[in-house]
Structure formats: structure tokens, C-alpha cells
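So the structure is just underneath, and the comments pick up after that.
The values are calculated or read from the model by the stated rules, or taken from the named source; none is laboratory data. As the structure is a computational prediction, the values presented were derived from the model and not from experiment. Positions of Cβ are backbone-derived with ideal geometry, glycine not excepted, and every protein chain shown enters the neighbour counts.
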């Protein structure tokens, strides 16, 4: 049943070396402003990469990544005067200006003598007529998609000033069967939907997986008629370990940023509180003691605080406390019911699910509770997870009587799209950038 | 997991079978009387055939102490108001009946499953469902059922009784179900 995907078993050697031949741009004239959202995505030309037959596939994956971000508008290759560009020659910029391309990506894929795949690529500012980036990556041939994602990340970073998020994976719950007897399997895929595989066999229900900071381990909740459990699963080795045994419910496990602890909820006599377990010693300490529901913890990136969900005020709201449980205070202020808070990787924002007016919403607020913005709205939008660059949120959306699907929204709320996974799925969790 | 409607459906089948048996046994209307013809020669005497063996079977119905008995005569479900785990007035007669039944059948163990409607988020609903199952457990304990005979679990919104997406379905899905796990007849 369990099959380790080759992504991790084969080490990707990403030798990013500046190509010496081309001049290095001191500045970029073209800048994509991610803060404003993008009303006019940047027109970018990505001709099919030359060299090996894989070249065309690599440039297609780069194109799809950049397009899905909503920040770029890859131009139709049929409009290109030159279909294939030698990566080592200066482009004829006038040709690209004619089709209003502002940026141009050229590349070439070759098979190295030792059986490895090598890609050279350059990013050009068409109007300034200069190279912005020239990089070379090598990897094993089966890892060509990761190579493409790394190129997309490099282009994204150069043009937006923000880290990319394309060389990442998503762990989620694949759903099938009727509503009353839903089958739930832990599953994993690349962020663009490629290489999906199952991690559990569906003989028991699974929920709310989360990646550790090193992307090798997942923590998740399992629910059987005999009770609930939380697990650690090493996705490279397949080793699975129960984190303690609890007579009541145990749920909502989350790694600390250093991966050494897991916070989760334990229910005793109907009361759910947040606990933290040290993964080395399995020593467990109770962090909240309120008789209300305390659940859905999420550490701040520096590990010093946790945001969590509590109904101690009478309805579910969002609170922040120090990691030891002291200093808890409410940060959600508006009307409605707030649940499932998640701290952004850059520490600035809290994403959440909000229920108001018969609809569910994904929203964000500053870590102090100010500046709330609602990004989505539907019958059920739930369970936000952050891309590692804190710019995109994945969540799941369900319609009355439908089935859940994975969706993404950018943090400005302008670009909402169904994630590239065509089947019923919920509880997505985005990995950090892969190494 | 036993489907909550399983035993009820089986009961309905038993009742139907009994009804059709009754129909077969009923007296048929008398046919027309034929004019008496010439006397037929009397058939030679034959001893009456031996009666077949009579097997004694349980009368169709509910076995006392069975899961079916519990579901029909005590009731397995109690319902809750929106985002509430307070036992409603209409839950108490059901839970009193559950407690009486469980006192009589002292080998029975139960698992109380807390359920929520789909108009909440996953983890909050696990916590809310746990409150509901615990509220039922506490009530049964207060009626003399040892806590050691009662397990609780929360299915949150993950095992809806009614797959619908409307007020009626949501109301049905806000429940706690007392499921017998062992000791039934």
C-alpha cells in the first residue's frame, strides 16, 4: 500500500550556478507587485526549451506554475516569431516587444554524460534588453518536474521579490464514497497535482495532516470506532508511530516550527484542551485549562506563541497565547464564528475560517487581530493552509450535496482557482519549500 | 458500525412475514354447493397421517436484551439544538429508558457517539461532538449506570445520519447515538 515516491529517495542536486556568459542585471525594471494583487498579470514569453525532448515538457510545467499564480500571463507560443531560442544567444528583443512580452524565459535541457539531466535557463527583461537571471540546475531524469518547479520559483522570486512556492508538495485527505460512509485516505501530491499517491489504505478515517518543517514527516489524526489517535508518519520510510493513547478524543495535531514538538487537543469528560508533546521524550504538558473548547492550535513561526480556537466567550473565536499557555487573549473581533486559525510562515498574518450569514469564508487578519480581510465565500470554505511564501492559501470548498475540492486563493483575494486535483479532497496542508 | 436503521428494517420484514402467514391461514369463502350425485363408493379407511414434528420457534418479535430491543424499546438517539450540548427535554425520556434498559441488562456495554451537523468546521465539531456524547454519558451515570460500561467518541460532522443539506437534515445530524458494543443477546 505504502510507496515512497522517488521525489525524496532521489536527491535533487540543484546546483544553481550563475551562467558566466551573460551580463548580470543590477536592477530589474519589471516588478510584479504582489501586495496589490495583480489586475494586470505580467505578460511573459516562455518558448519551448531546446535540447533534449524533455525540454518542451519542462517549459510547459514552468508556464503552468506561473500562470496558476495569477501574477503572470504566459503568452501564446503560436504568436512567437522565434519558436526555439538558443539559450546562449542574446534574444532579438524587438520580436518580443511586438507581442508585448515584458519578460522572456529561454532554456535548454541536455543529458549530461553521467546520466543526469541539466537545464540552463535565462530570464530576460525584454524592454530593458538585459538578462535578469541565468541559472543551471542538474538532477536525475525522473526528477525533471522538480527542476521545472525550481525554474518557476527562480523566475517568480526574481520578478516579485518574494520566494516562490512551486517546488512544494501538498498532503491532503482523498475522499470517496457516500456522505454517511465516506472513505478517507491520506494522500500526497506535488503542488501542481502531479505524482499523487496514497499514504493510508482507507480502512480508517484520517483527518488534518500537517507537514513538519523538514517535509519528511507528517502528523495526522485517525478515527476508528474504537477511538481517535494522532500519528507521526515518516513519508520517506513509511514508519508510523502513535503519539500516546487517550481514552477520549485526541485531535488537531500540529508541529512546532522546529519539528521537535506537536501541539494537539485532548478531550476529557467533554472538555477539550490543548497539550504539547515533546517528540523526543514524549513528555506531555497541558497548555490550556479553560472549561471551554480549546483546539486548532498553530504555532507562530518563531515558536514563542500559539494561535488557537476557543469558545470561552460563548462562540468560537480566535485567541493568541504564549507557547506555555500564559497571556491568552482574543484577537477576532467581528461578528460571526471563527475557527481553524493558521499562522502564516512569515509571521504576519493569521488565516482562518469564518462562518457568517449562512456562508463560510476564508479570511486573513494581522497577528494582532487587526485588518481582517475576507477572501472567499461559499456554502463551505474551510481549512486554510499557507504556501511557504505566505502569498497563497489552499483550502477546501464543498457545495451542498457535492463533494469537497481543493482550491487556492492568493492573499489579496483576487485570484481564486480550483487546485489541480480533480477528485474529492479536503484538509490540505502545504509543505515547506523542498530542499 | 451498525447502521441505525438496520434493526428497524429487519423488524419491518418480520412483521410483513407474519402478516402474509396470517393471510394464508384465513378461511376461504365457501364455493357453490354442488348437487349431490350418486353416492360414491366409500374410500377405504386410511389411518390419519402422522402429524409432522412440531418445532418450537421464537415467536416473531424482539428478543429481550437484544440490540433491536434496545433500539425499539429504549431508543438510541437523542437530538441537540444548534451548537448546544445541553440535553433537551425530549431527550430525557429516551435517556431514562436507556438507563432502565441498561440496568436490566447489566452485561451490556455502550459507546455514545456524538454527532454534529455540517455547518461547522472539522475540529470544532470534534470537540462539540465530544461534549454531546459526554452529556449523555453523565446523564446515564446519574441514573445509576456505571461509567465503566460507557465509552464515548465524537464523529464530529463526519458520519451524518441524513446526507441532506437542509435544516431538517442538520437537526437530525445533531445527535448522540448510544450504540451497544457488547453484551447484547
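For the range B:123-140, the condition of being modelled with pLDDT of 95 or more, within 20 Å of the chain's Cα centre (by Cα) and within 22 Å of residue B:66 (Cβ to Cβ) holds for at least one residue.
Per the listing B:148, B:106, the residue uniquely surrounded by fewer than 20 Cβ atoms within 10 Å (Cβ to Cβ) and part of a loop (DSSP other than H, G, I, E, B) is B:106. Every residue in the range A:320-337 that is away from every other protein chain (no Cβ under 13 Å) and touching a strand residue (DSSP E or B) at 6+ places or on another chain (Cβ under 7 Å), please. Within the range A:320-337, A:320, A:321, A:322, A:323, A:327, A:328, A:329, A:330, A:331, A:332, A:335 qualify. Scan the range A:338-386 for residues that are within 18 Å of residue A:303 (Cα to Cα), part of a strand (DSSP E or B) and away from every other protein chain (no Cβ under 12 Å) and jot them down. Answer for the range A:338-386, where residues must be within 18 Å of residue A:303 (Cα to Cα), part of a strand (DSSP E or B) and away from every other protein chain (no Cβ under 12 Å): A:343, A:349, A:350, A:351, A:366, A:385, A:386. Of all residues in the range A:265-278, those that are away from chain B (no Cβ under 11 Å) have Cβ atoms under 9 Å from Cβ atoms of residues that are modelled with pLDDT under 95, 6 or more apart or on another chain, in A:277/A:244.
Which ones in the range A:340-367 are on the phi > 0 side of the Ramachandran plot and in contact (Cβ under 8 Å) with a residue 24 or more places away in the chain? Residues satisfying the conditions are A:340, A:347.
Among the candidates A:337, A:397, A:391, the residue that is touching a helix residue (DSSP H, G or I) at 6+ places or on another chain (Cβ under 9 Å) and free of Cβ contacts under 8 Å to residues at least 40 places away in the same chain is uniquely A:337. Residues in the range A:247-264 that are crowded, with 17+ Cβ neighbours inside 10 Å and within 11 Å of chain B (Cβ to nearest Cβ): 8 in all. Looking for something more than 8 Å from every other protein chain (Cβ to nearest Cβ) and assigned to a loop (DSSP other than H, G, I, E, B) - is there at least one such residue anywhere in the range B:121-132? No. No other residue among A:167, A:125 is touching a residue at least 60 places away in the same chain (Cβ under 8 Å), over 30 Å from residue B:170 (Cβ atoms) and crowded, with 22+ Cβ neighbours inside 10 Å apart from A:167. When B:81, B:96, B:69 are checked against the criterion of being surrounded by fewer than 13 Cβ atoms within 10 Å (Cβ to Cβ) and either modelled with pLDDT of 95 or more or within 14 Å of chain A (Cβ to nearest Cβ) (or both), B:81 stands alone in meeting it. Residues that are assigned to a strand (DSSP E or B) and more than 14 Å from chain B (Cβ to nearest Cβ) were ranked within the range A:408-435; the one that is nearest to residue A:387 (Cα to Cα) is A:430.
Of all residues in the range A:24-33, those being modelled with pLDDT under 65 and in contact with a strand residue (DSSP E or B) (Cβ under 8 Å, 6 or more places away or on another chain) number 4.
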